[in-house]
Every structure is written in structure tokens, then in C-alpha cells.
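Quick notes on the structure that follows.
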Amino acid sequence: MAKAKLQAPKGVSEYVPPRSRAFEFVRDCLINPARKAGYQLIELPVFEDTELFTRGVGESTDVVSKEMYTFEDRGGRSITLRPEGTAGVMRAVIEHGLDRGQLPAKLWYSGAFFRAERPQAGRYRQFYQVGIEAIGLDDPAIDAEVIAIADAGFKAIGLSKYRLDITSLGDAQSRSAHRVDLVKFIATLDLDEATKARAELNPLRLFDDKRSEIAQAMQGAPLLMDYLSDASRAHFEKVKEYLDALGISWTLNPRMVRGLDYYTGTTFEFVHELLGAQSGIGGGGRYDGLMAELGGQELSGIGFGLGVDRALLAAEAESLIESDDFVSDLFIIPLGELAKRTSLEIAAQLRKLGKTVEIAFGDRALKGAMKAADKSGAKYVIVLGDSEITSGSVELKEMKSGITSSVTIDSLITALSK
Ligand code: HAM
């Protein structure tokens with residue numbers, strides 16, 4: 001009897017060809033602006049001690065209270081698959097003393113993250129982020145630059161149907177002034193025990209409650225924006241000024257609450273218009289108390305996490321990904337042993353010059369090899385036999401139009417670059 005087929009665990013995102021090429025493209029678009037701004041790669045473990053996230057991300061959050069993949073390892077330690085990247089970066093920065101070097105420490109990362117959420121379109125249990133963190137500088141200009149880097153990534157993909165929401169969660173002084181009034185306000189609401197407990201841990205969480213009766217009740221709640229200290233207000237004004245100077249349009253959203261507890265000051269989210277419920281394609285902000293919370297110095301920081309899966313969905317929704325965007329430049333069909341060797345040489349040379357070249361190996365008959373060339377979607381095809389090698393010229397066929405032209409092997413690179 002045939003054995004049952006195995007399937008991937010529920011809710012994970014996977015990318016297989018041909019879509020994986022589009023995934024790669026999107027991810028690279030999101031990473032490149034960070035590289036160009038001098039951010040350096042930090043490659044971290046996908047699992048950490050659980051305490052890093054309970055302390056770093058905060059126990060009032062859904063991420064920590066409901067969504068972590070936590071297990072005991074063979075040594076009896078509590079381990080968690082990373083639900084986000086910032087806490088791990090902070091841990092590593094402290095552990096490796098990067099906070100004692102040149103500041104700000106500017107780092108980028110890209111990889112898989114894990115949250116046990118209810119799977120739906122654009123919401124996965126394993127998903128991918130590209131993120132950056134700039135640690136140790138409390139200058140509003142870097143807030144604007146961080147936002148601009150994210151924006152440049154989305155623009156490089158070609159996305160245009162998204163908006164940027166920003167707010168400020170203020171400094172400790174702003175938040176404690178606001179908290180007093182917010183707690184008073186919440187005390188007037190009729191809430192169930194679980195919601196009360198959440199509000200006690202972090203009253204701001206109620207702004208993020210999806211239930212319509214709570215959203216309704218919170219309409220009249222005091223907003224942090226009205227409690228900003230002079231310093232926080234001045235910082236935020238500067239950020240907005242720089243964004244305007246950069247031509248990056250923003251919408252003030254004073255009710256924005258991020259799903260993680262470490263945020264302070266400037267916070268932001270990129271929201272795509274065509275993605276329905278899971279429309280957040282990226283977000284981030286300042287986290288000026290996180291390093292100290294994790295046992296490090298009192299250093300400020302700011303960063304973002306961009307959802308690669310969602311950015312890809314957004315690109316598809318905006319019809320930016322054409323099926324022939326990622327095909328090879330040339331497909332070579334060698335006929336015979338000498339041709340095979342020559343094909344390897346030609347391909348190696350063209351690849352060195354930046355072309356993508358495939359060869360039909362396996363001594364297939366010409367008809368079958370032509371079919372493979374067609375299926376590959378390659379832009380051009382050549383058939384290479386003994387006579388072509390002797391004459392030094394080949395018939396270069398453009399697959400889309402079917403037009404052929406005679407070119408010398410040495411000038412293939414020029415012909416392919418047209
Ligand atoms: P976050 O908002 O939780 O922030 O996640 C960032 C992005 O990851 C979201 O905007 C979304 O695009 C994507 N994302 C989150 N959860 C899922 C999911 N279940 N499925 C698919 N995509 C998802 C952070 O993680 C912070 N660490 C960002 C940050 C860095 N803040 C400061 N520095």
C-alpha cells in the first residue's frame with residue numbers, strides 16, 4: 001500500500017519555484033536600501049531562551065501570552081522560536097559588546113520568525129521578515145532615515161498602493177502622565193476579567209482590541225499624543241519635518257498600538273490597500289528602554305521589521321510580478337560531446353558577465369530539448385553542434401517572437417544585452 005503523503009505543518013509559508021524567484025526578488029529589494037545606508041548583517045539563532053521574549057517583548061502582548069512556540073530542550077531549558085527580531089538583536093549587541101563600539105550600531109537581518117497565530121491569508125505561523133536596528137542614537141533624523149529605508153524597499157519592489165501611519169508613544173514622562181488618565185478612563189468601562197488583567201499590564205493594549213464594543217468604548221479614551229512632554233513633542237515634530245523634506249507622505253494615527261510592548265517615541269506602520277485584514281506590510285519604532293530592560297546600558301534604539309510574505313502578496317495584488325520576470329537570458333542546447341564542453345565554457349563566460357544561462361544536459365533529442373527551452377521561459381536559445389563550433393557562429397532565437405539572427409559566439413554577450 002502506498003504510504004500517506006506528508007504535508008508541511010499548518011499555517012507555514014513556503015516558496016517553491018517559480019514563485020520562489022519572486023520571493024527572492026522582494027526580499028532583496030527590502031534588504032538593499034539598508035545595505036546602502038551602511039547597515040551590516042547580523043545573523044542570529046532562530047531559538048533563544050524564553051526569558052528574552054517575556055522580558056523584551058512583554059507579557060501583556062498576544063505575541064508572548066498566546067503565540068510563542070515554547071518548548072523544553074533536552075537540558076530542561078525553556079526555549080522559544082523567535083517571534084520577532086529586535087529582542088535577539090539587543091541580546092547579541094549586549095553580549096558581543098557592540099554597544100561599546102562605534103554608535104549607532106546599525107544592523108540588518110532577514111529570516112524566519114514564528115508565531116502560533118490563527119492562519120489566514122497573509123498570516124502565517126512561520127513567516128519572513130527583513131529588519132534593521134539602529135542602536136545608540138536618539139536623533140530624530142535617524143528615525144526619519146529608518147522610515148525612509150523601509151519606504152525605499154517597498155518602492156524598489158514597485159509598490160505604490162500603501163500608506164505610512166506614524167505616531168509618537170512619547171518618553172517615560174509622557175507615558176506615565178497619560179497612563180494615569182487612561183487607567184481612570186478604563187475603570188469607567190464594563191470589562192471582563194481577562195481584558196481588565198490585560199489593561200493592568202498595559203492599558204494601551206485596549207486601543208488594539210479588535211472587538212467592536214471595546215473599540216467603541218475606547219473612542220472617548222485619552223490619547224497619548226495629547227500628553228507628549230516637550231522633549232517628545234519636539235522630537236516628533238522634527239521626524240515629521242524630515243519626512244516631509246524627503247517627500248515621504250505620512251498619516252498621523254494617534255490610536256496606533258504596536259503588538260509589542262517595547263515601543264517608545266516614534267512608531268510607524270506601513271499599510272497596504274489591497275491586502276484585506278492582514279494589511280500591515282511592515283512596522284517599527286523606537287524602543288528606548290529595551291536595552292536596559294535586557295541588562296544592558298541605557299541606550300536608545302529604533303528599527304523596523306518588514307513582512308516579506310506580505311510584501312510579495314502586495315506586489316502580486318498590484319500585478320507587479322510578471323511571470324517572465326525571472327527567466328534565464330539564454331538556453332543552450334548542445335548536440336554532441338564537444339558541444340557539451342563548449343557550452344559549459346560559453347555559459348561560464350556569460351555568467352561571469354552577469355547573464356543567467358542554462359544548458360540542456362542529458363543528450364536529449366533536439367525536439368525534447370527545444371521543448372525544455374520553451375518551458376524554461378528563457379529569452380533566447382541557441383543550438384550548438386559541431387558545425388556551429390567550426391564556424392564560430394550560432395543562430396540566436398528570440399523565444400517570444402521566434403525571430404532568429406546569426407551571431408558569432410564571441411559576440412553573444414552583446415546580442416543578449418540588446
Ligand atoms: P511586527 O509589527 O510584529 O514588528 O512585525 C513586522 C511585520 O512582520 C508586520 O508588519 C508583518 O508584515 C509581518 N508579520 C508579522 N506577523 C506575521 C505573520 N504571522 N505572518 C506574516 N507576516 C507577519 C516586529 O516584529 C518588530 N520586531 C519590528 C521592529 C524592529 N521594531 C523595531 N525594530
Does anything in the range 200-230 have its amide N under 15 Å from the 7 Å Cα→Cβ label point of A277, and if so which residues? 209-212
Residues meeting the amide H criterion for L299 (H placed from the backbone, H to H distance under 5 Å, 5 or more places apart or on another chain) are M291, A292
Within the set of other residues whose C-beta is less than 13 Å from the C-beta of K240, count the net charge using Lys and Arg as +1 and Asp and Glu as -1. -3
Two-site label geometry, D181 and Q349: point separation in nm, points 7 Å out along Cα→Cβ: 7.5 nm
Those lysines that a straight Cα-Cα span of less than 19 Å connects to K3, excepting residues fewer than 8 apart in one chain: none
Using a ≥ b ≥ c from the Cα gyration tensor of the chain (square roots of the eigenvalues), is it rounded, prolate or oblate, where a/c under 1.5 gives rounded and otherwise the larger of a/b and b/c decides, a/b for prolate? prolate
Separation in nanometres of the label points that stand 7 Å from Cα toward Cβ, at E95 and D386: 6.3 nm
Sequence gap at least 6, Cα distance under 8 Å: using those rules, report the relative contact order of the range 327-417 to the nearest whole percent. 33 percent
Looks like the range 123-277, by Cα gyration tensor root eigenvalues a ≥ b ≥ c and the a/c under 1.5 rounded cutoff (else prolate when a/b is bigger than b/c, oblate otherwise), is oblate
For a quick protection proxy, order the peptides 356-368, 331-343 by their average other-Cβ count within 10 Å, most packed first. 331-343, 356-368
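Pairs to check: K66/K184; K66/K210; K371/K400; K155/K400. Give those whose C-alpha atoms are more than 18 Å from each other in this structure.
K66/K184; K155/K400
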Run the numbers for E51 and K367: contour at 0.36 nm per residue of separation, minus the present Cα-Cα distance, in nm. 107.6 nm
How much FRET efficiency would the formula 1/(1 + (r/R0)^6) give for S78 and L338, where r is the Cβ-Cβ distance and R0 is 51 Å, rounded to 0.05? 0.20
Inter-site label distance for L201 and A156 at 7 Å from Cα along Cβ, in nm: 3.6 nm
Could you tell me which of rounded, prolate or oblate describes the range 133-177, using a ≥ b ≥ c as the square roots of the eigenvalues of the alpha-carbon gyration tensor, with rounded for a/c under 1.5 and, failing that, prolate when a/b is larger than b/c and oblate otherwise? oblate
Please compute the length gained on full extension between T188 and K3, using 0.36 nm multiplied by the number of residues separating them and subtracting their Cα-Cα distance. 60.6 nm
Treating the angle as unsigned and between 0 and 90°, give the value, to the nearest 10°, between the Cα long axis of helix 86-95 and the longest Cα principal axis of the chain. 90 degrees
Assuming 0.36 nm per residue, please report the length gained on full extension of the stretch T70 to V12 beyond their Cα-Cα distance. 19.2 nm
Helix 19-36 sits off the longest principal axis of the Cα atoms of the chain, rounded to the nearest 10 on a 0 to 90 degree scale, by 60 degrees
Taking Cα centroids, how far is the range 187-226 from the range 366-418 in Å? 66 Å
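Coordinate-derived values only; no laboratory data. Computed from a predicted structure; not experimentally measured. Note that each Cβ is placed from the backbone with ideal geometry, even for glycine, and that neighbours are counted across all protein chains shown.
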